1. Out of everything in the range B:383-428 that is within 12 Å of chain A (Cβ to nearest Cβ) and of a type in the set (Asp, Glu), what residue ends up being surrounded by the fewest Cβ atoms within 10 Å (Cβ to Cβ)?
2. Answer with yes or no whether B:ASP149 is in contact (Cβ under 8 Å) with a residue 24 or more places away in the chain, under 26 Å from B:TYR220 (Cβ atoms) and open to solvent by less than 40 Å² (accessible area, probe 1.4 Å).
3. Hey, among the residues in the range B:318-344 that are out of contact with any Lys or Arg (no Cβ under 8 Å at 6 or more places or on another chain) and among the small types (Gly, Ala, Ser), which one's farthest from B:ARG441 (Cα to Cα)?
4. Check B:GLN213 against each of (1) within 17 Å of B:ASP477 (Cβ to Cβ); (2) more than 10 Å from chain A (Cβ to nearest Cβ) and name the one condition it does not meet.
5. For the range A:398-430, name all the residues that are within 14 Å of another protein chain (Cβ to nearest Cβ) and out of contact with any Gly (no Cβ under 9 Å at 6 or more places or on another chain).
6. Restricting to the range B:39-60, name every residue that is at pLDDT below 80 and open to solvent by less than 30 Å² (accessible area, probe 1.4 Å).
7. Report, by residue number, each residue of the range A:122-131 that is outside any loop (DSSP other than H, G, I, E, B) and open to solvent by less than 10 Å² (accessible area, probe 1.4 Å).
8. Against the condition of a type in the set (Val, Ile, Thr) and either in the same structural domain as A:VAL190 (by the TED database) or open to solvent by 10 Å² or more (accessible area, probe 1.4 Å) (or both), how does A:VAL320 come out, does it pass?
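The values are calculated or read from the model by the stated rules, or taken from the named source; none is laboratory data. Quick caveat, the model's predicted, so the values are computed rather than measured. Positions of Cβ are generated from backbone atoms using ideal geometry, with glycine treated the same way; all protein chains shown enter the neighbour counts. Keep in mind that these areas ignore ligands, DNA and RNA; they rest on the heavy atoms of the full protein, side chains included. Shrake-Rupley method; radii C 1.70, N 1.55, O 1.52, S 1.80 Å.
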Amino acid sequence: MLRQKLYITGLFLLAGTSACAQGRAAAAETAVTTPAAKAGARIQERVLKNGLKVIVWPVPANPSVSLYNWFRVGSRNERPGITGLSHFFEHMMFNGAKKYGPGEFDRVMEAHGGRNNAYTSEDVTVYQDWFPRSALETIFDLEADRLANLSIDPKVVESERGVVYSERRSSVDNDNSGLLMEQVQATAFVAHPYQIPVIGWPSDIEGWTQQDLERYFRTYYAPNNATLLVVGAVTPSDVFALAEKYLEPIPAQPAPEPVHTVEPVQQGERRVVVRKLAQAPLVHMAFHGLRGRDAEAPALDLLVRILTEGDSSRLHRRLVEEERVAIRVQGSRGAGFDPSLTWVFVDLPPGGDPARVEALLDEELARVSTTEVTDAELRKAKNIAVADFWRYLETNSGRAQALGTYEVFHGDWKELFRAPERYEAVTREQVRQVAAKVFGRDNRTVGVLVPETASSEAEQMQEAAR
Amino acid sequence: MKGWTKTALVLGLTASMAGAQQPSAAAPKPQTVQRDAARDSVKLPKARVLTLKNGALVQLVEDHDVPLVSFSARLRGGALGDPQGKEGLAALTAELLQKGAGARDAHQFAEAVDSVGGSLAVYPGRESLDVMGQFMSRDTALMVELLADLLQRPRFDPAELEKTRARMVSELAAEKDGDLRGLIGTYFQAFHFGAHPYGRPLGGCEASLAPLQREDVLAYARAHLGGDRLILSVVGDFDAKQLATRLEKALGGWARAASPAPVAPPTQPLKGRRVLLVDKPDATQTYFWVGNTGISRTDPSLVDVSLTNTALGGRFTSLLNTALRIKSGLTYGAGSAVITTTQPGVFAVSSYTKTESTTQALDLVLEILAGYRQQGMDAATLASTQEYMLGQFPPTLETSLQLATKFSELAFYGLDARDVDDFSTRVSSAEPARVLAALQRVVPASEDLTLVLIGKAADIREAARKYGPVTEMRLSDPFFAPPQAGR
């Protein structure tokens with residue numbers, strides 16, 4: 001369902017809500033009396049001697065557990081030559097350590113009823129385990145082994161390059177939307193490493209060296225660069241005891257070099273055109289936006305919802321329903337460590353007119369920048385944001401993701417429970433101000449995918465016409 | 001923002017996989033672990049069940065963990081009700097149900113849902129239309145009102161119809177420009193099942209949608225929407241007694257559908273080999289499905305087949321993923337799936353690889369299927385697979401929407417709470433001989449296979465011929481199977 005598809009985007013949006021701290025007593029009281037806030041009251045945290053922070057949220061309803069380990073490393077920490085390395089390393093973390101050799105991490109976890117995955121973004125790499133409570137100690141043993149003693153076997157590295165290249169082919173090279181998005185992002189940033197695609201450039205995927213991987217592991221896979229979330233059918237004392245037994249002996253490392261490059265202010269629109277075999281054109285617009293912890297982040301979040309979320313949203317109504325120039329409009333707001341892009345993605349019908357789409361976007365984005373949105377629109381966006389907040393708190397994995405997002409991007413998981421009141425505090429004028437700040441034409445990169453017809457098809461069509 | 005991940009495979013609708021590695025020192029003692037996870041089995045909560053005068057079945061479960069209420073409404077019929085040549089009619093009707101109903105036009109209806117942070121959508125299924133929704137519990141009355149309007153008083157406004165139909169046609173074309181991992185299943189089902197209703201593309205195809213008229217939609221609605229077709233399950237933060245009264249009032253007067261619910265004719269595995277090659281001239285990798293007809297949702301061997309599928313291609317260490325990804329790096333993901341319906345659906349393997357390694361990957365798949373049929377899985381793999389299924393089952397029933405969907409699914413197939421309550425016992429007590437029998441029944445024999453390949457035909461045409469007689473079409477064709485595929 002549509003809103004479920006938006007959960008991931010929404011979660012990143014949620015990431016941006018903590019810094020706008022005008023509290024309201026009534027809203028705060030509401031939050032405290034809710035069941036989730038009560039459950040949240042049972043959350044406990046502990047920092048191990050090696051700097052690893054462990055946060056435990058006991059939820060007894062379902063006999064399973066979600067364990068999320070967040071590392072502060074992503075494509076933001078890369079440079080030309082090693083682009084995509086954070087993501088590639090994510091793959092290598094499953095390929096064997098000292099006690100559990102190649103393939104054993106997955107094999108043992110699955111044999112104990114567990115499943116895992118991981119994801120890499122521009123900012124973080126997050127490892128996720130979902131398992132029955134009976135497997136808790138085994139999971140700690142597995143996680144400790146790979147963090148303390150990862151083996152980086154050159155033969156495995158070579159095989160895994162093929163896997164990652166296949167992932168790139170699926171999501172970028174053979175997916176027009178992924179392809180255009182990559183080009184727009186690379187064009188929007190000239191200095192900041194957010195220009196680097198998380199999957200990496202092809203020649204770098206082929207070119208990582210053993211030394212690159214070993215250095216990455218030493219630098220970023222340190223307990224003091226991670227935050228561990230455990231949510232579900234557990235008790236905090238058990239989790240802390242296991243963390244001390246298995247993870248505390250792993251030594252801390254010197255803090256990684258900070259990323260200090262600041263993207264210079266953009267002083268004029270940038271454009272990128274991709275010509276590709278396609279049935280339909282695409283238009284993407286990306287604007288330099290905000291950091292997750294910026295004070296205006298909740299206002300920008302609500303603005304993006306007003307523009308793109310649901311069939312009643314402004315851009316859907318105008319472009320899809322009224323003018324019929326698009327078949328889908330989606331929005332997204334990055335909320336990372338550094339100012340990230342705010343996106344509008346438009347899918348056009350075959351034969352659609354990108355120039356007309358751009359003109360309508362110009363009009364609509366200018367409108368929110370000069371005139372306040374209505375009370376009803378703001379109320380709607382707040383209601384959607386708060387309902388999404390509750391949807392995350394329905395599952396252990398949603399709780400682990402939401403809690404981790406606030407802890408990592410805002411510095412305190414407790415901010416999660418203040419999110420509803422921060423949304424409530426946003427005013428119409430704040431929404432207009434953030435629109436004026438972000439949606440400037442000089443602040444944007446426009447990407448257009450122009451369809452080309454296969455020559456063989458064109459020939460066949462000509463023959464058919466004869 | 002894109003999240004790049006370790007895994008992206010599995011088609012898995014039902015179950016899963018595989019590592020044929022020998023057990024090592026680190027391996028668990030299966031019996032001990034099995035007992036642990038089985039103890040943590042989940043039970044379905046008790047529902048308040050009502051049958052309305054018109055035959056509608058209503059199941060209500062209170063769950064006050066979070067202030068949300070979710071529902072799953074299933075209407076028997078779905079794409080089975082599409083007349084021949086009008087594929088996508090159920091899907092068009094489903095879209096239009098959301099485009100204005102009762103006192104609200106399309107925009108007012110969307111506004112009513114969005115303004116309270118709700119979600120409400122209709123999905124066309126192969127054998128039912130599924131309406132799903134989730135609202136804040138304070139908006140339960142509005143939720144009932146919108147659902148009742150949508151079901152009983154849709155407007156089917158002509159302007160909305162024309163617009164929606166055009167958009168659906170464009171979406172099908174545009175989808176072919178995107179990641180094909182999702183779309184290839186539609187080609188497979190169309191080619192494999194041919195003229196059988198299970199071959200119909202659920203969303204129709206560009207050619208079949210374009211000529212649909214309002215009269216078609218009205219006829220579908222008359223024939224297939226009605227109180228006797230409805231199974232409604234609601235789970236969440238509400239008072240069941242009050243909600244029962246409210247639903248009885250809102251839905252009890254809904255007339256019966258004009259036609260009896262359509263029934264799918266039997267399906268069976270096909271004999272022989274057949275290959276469909278779909279040309280995507282700029283492809284740098286080949287996407288493929290390989291399979292045959294499997295089992296139905298109510299098959300008594302479902303759990304054994306799920307174990308079979310889990311070990312073959314339903315988890316990360318599955319036979320397929322181990323061979324195609326972990327050991328050879330040929331692909332980002334390889335998996336298998338059991339698609340279960342009232343009649344047996346598809347059992348298929350799915351993967352993709354760069355154009356140059358198409359033959360290598362397909363040969364490996366055929367080799368694995370043949371070996372698996374012959375040898376089955378060893379005791380350690382079976383034990384691990386059991387444990388995996390036991391451990392991964394509880395999170396599938398964690399949210400109010402998951403629970404509501406499960407209640408409706410069980411009622412739709414005439415199943416009851418035992419399907420959930422006895423799951424862990426059935427998995428724990430699976431016998432190797434029975435699992436082997438199920439495996440040999442559903443994993444297709446090498447000589448009886450349907451293969452669908454999407455890729456650069458100029459480069460893989462010769463390779464495709466190696467696997468059977470080839471039928472070709474283009475990705476840009478406005479349908480999902482060549483006309484001669486009808487059987």
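1. B:GLU398
2. yes
3. My answer is B:SER328.
4. That leaves (1) as the condition not met.
5. Matches in the range A:398-430: A:GLY398, A:GLN401, A:ALA402, A:GLY404, A:ALA419, A:PRO420, A:TYR423, A:GLU424.
6. Listed by number, the list holds a single entry, B:ASP40.
7. Matches in the range A:122-131: A:THR125, A:VAL126, A:TYR127, A:ASP129, A:PHE131.
8. It is false that A:VAL320 is of a type in the set (Val, Ile, Thr) and either in the same structural domain as A:VAL190 (by the TED database) or open to solvent by 10 Å² or more (accessible area, probe 1.4 Å) (or both).
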